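Values in this text are rule-based calculations from the coordinates and carry no lab data. Predicted model only: the values in this text are computed from it and were never measured. In this analysis, Cβ positions are derived from the backbone assuming ideal geometry, glycine residues included, and neighbour counts consider all displayed protein chains.
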């Protein structure tokens, strides 16, 4: 896969994650919106959004054809993020505002921002695809962008009317509807369960894809960078990370895999950005003796070394001394070198 194809696949993955997340958000907003033209518009756009996700996923498959595991990992990771965001936002949509009318108005303003972001996403994808000569993806992005622009206009037309409804309910004491009549509570429970199930399924697919992807050189570090961008302190391989000094962290770094080093690198850059820590990580981040090495046990590494390859044994010894320094691995590597 060429560099231009990789970049197109990346942007398609971002668009797909956005569409998947928006499906759940739209369903939660529809649940508390009274019947009328605005609710009809949301329901129509829900159908469009599902179709957008399907079309983007289809295009991803046409380009990638299962060949580039790094981008598959990126796509699955972003899908998990999109689902998680939807799950966290959905109950909040049902609770915000003092009355039903204000809830609907606030959700409409959020929907406007979401549509603007999607328009920007597809504008960038369209431009990128056109610049690298991928007219099929450019046409897809252009078509979906136009749907998003129509939805943006629909929301803007609705906002003055929704604001009038807030005035009627909150100022004049004349509410236009009761939120309990929209089935919001039942919809919330149903949707929460569905989103959690979908998120779990996406996480399972991501883990399975990650295990396969780590067999490709460089993927472990990409995975770590992705995870680190969204990691909390509890997600790091070093316990109590934020309470440790730079020297304490540096002493623990050699024990970590390339994935965990990359994760901490990304986390550190977002937070304290300490040169001492980052420099040590850079020194430790090096190619594994072979792709997926960090995932193997001592016994599994020994089995590979038993195949007889002096240079591979030397690479293992050098890497192992700089990292986990496991006696069983070093002994096997030294034996293989001596027998060569």
#### Entry: Between region 115-158 and region 281-340, the Cα center-to-center distance that results, in Å
49
## Note on the structure
P(r) over all Cα-Cα pairs of region 278-324, 10 Å bins from 0 to the longest distance, whole percent per bin, short to long, reads 24, 58, 16, 3
### Query
If we sort 167-173, 99-105 on the protection proxy, mean other Cβ atoms within 10 Å, highest first, what's the order?
99-105, 167-173
### Segments 109-119, 6-16 sorted - mean Cβ within 10 Å per residue, highest first
6-16, 109-119
#### Entry: At 0.890 mPa s and 25 °C, Stokes D of region 259-340 from Kirkwood alpha-carbon radius, µm² per second
178
### Query
Taking one equal scatterer on every alpha-carbon of region 101-140, how large is log10 of I(q)/I(0) by Debye at q = 0.16, 0.19, 0.20 1/Å?
-0.50, -0.58, -0.60
### Task
Compare the peptides 240-251, 316-327, 20-31 by average per-residue count of other Cβ atoms within 10 angstrom and give them in order, highest first.
20-31, 316-327, 240-251
### Task
Rounded to the nearest 0.05, what FRET efficiency do residue 321 and residue 131 give with R0 = 45 Å and r taken as the Cβ-Cβ distance? Could you check?
0.45
### Task
Report the calculated FRET efficiency for residue 297 and residue 235 (r = Cβ-Cβ distance, R0 = 22 Å), to the nearest 0.05.
0.45
### Message
Could you tell me the calculated FRET efficiency between residue 157 and residue 337, based on Cβ-Cβ distance and R0 = 56 angstrom, to the nearest 0.05?
### Response
0.15
